[in-house]
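Please treat every number below as a calculation from the coordinates, not as lab data. As the structure is a computational prediction, the values presented were derived from the model and not from experiment. Here the Cβ positions follow ideal geometry from the backbone for every residue, glycine too, while neighbour counts run over all protein chains shown.
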Amino acid sequence: MHETSLMKGLMRQIDSAAVADGARRIVGISVWLGALCNMSAEHFAEHFEHAALGTMAEGASVDVTVSDDTQHTNAQDVLLQNIEVET
């Protein structure tokens, strides 16, 4: 599944950033969805909720920006923009 692989990679990125910040817990994330990534904001949030179970990000809020620019360099990507942590 494309989504499972995508979420595993994103969770590794989130966990690495949180550990580098000395986080105890991740309270929120912001992501950017490219126009051609084949995920809606709702679909992404569902997959994130499942992927975050048992991690520092469990229960974190999710803020999603969806691009409509199919010509954007990252139109097929999901980009982590920000994480909000509790130390």
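Could you give each residue of region 75-87 its phi-based ³J(HN,Hα) in whole Hz, using Karplus coefficients 6.51, -1.76, 1.60 with θ = phi - 60°, and x for Gly or Pro?
Ordered by residue, 3J(HN,Hα) equals 4, 9, 9, 10, 10, 6, 9, 7, 10, 10, 10, 10, 9 Hz.
In Å³ and rounded to a whole number, note down the convex hull volume per residue for the Cα atoms of the chain. List each step's numbers first, then the result.
Details: hull volume 7.1 nm³, N = 87.
It comes to 82 Å³ per residue, whole-number rounded.
Can you list the HN-Hα couplings for region 4-14, worked out from phi with the Karplus curve (6.51, -1.76, 1.60; θ = phi - 60°), rounded to whole Hz and with x for Gly and Pro?
Going residue by residue, I get 4, 4, 4, 5, 4, x, 5, 5, 4, 5, 5 Hz, with x marking Gly and Pro.
Using the Karplus equation 6.51 cos²θ - 1.76 cosθ + 1.60 (θ = phi - 60°), what ³J(HN,Hα) coupling, rounded to whole Hz, does each residue of region 33-47 give in order, writing x for Gly and Pro?
Once rounded to whole Hz, the list reads 9, x, 4, 10, 7, 6, 9, 8, 4, 5, 4, 4, 4, 4, 5.
Report, by chain and number, residues whose modeled amide H sits under 5 Å from the one on Val66, excluding near sequence neighbours (fewer than 5 apart, same chain).
Long-range HN contacts for Val66: Leu33.
Provide the net charge surrounding His43, with neighbours chosen by a C-beta distance below 12 Å and charges set as Lys +1, Arg +1, Asp -1, Glu -1.
Net charge in that neighbourhood comes out at -4.
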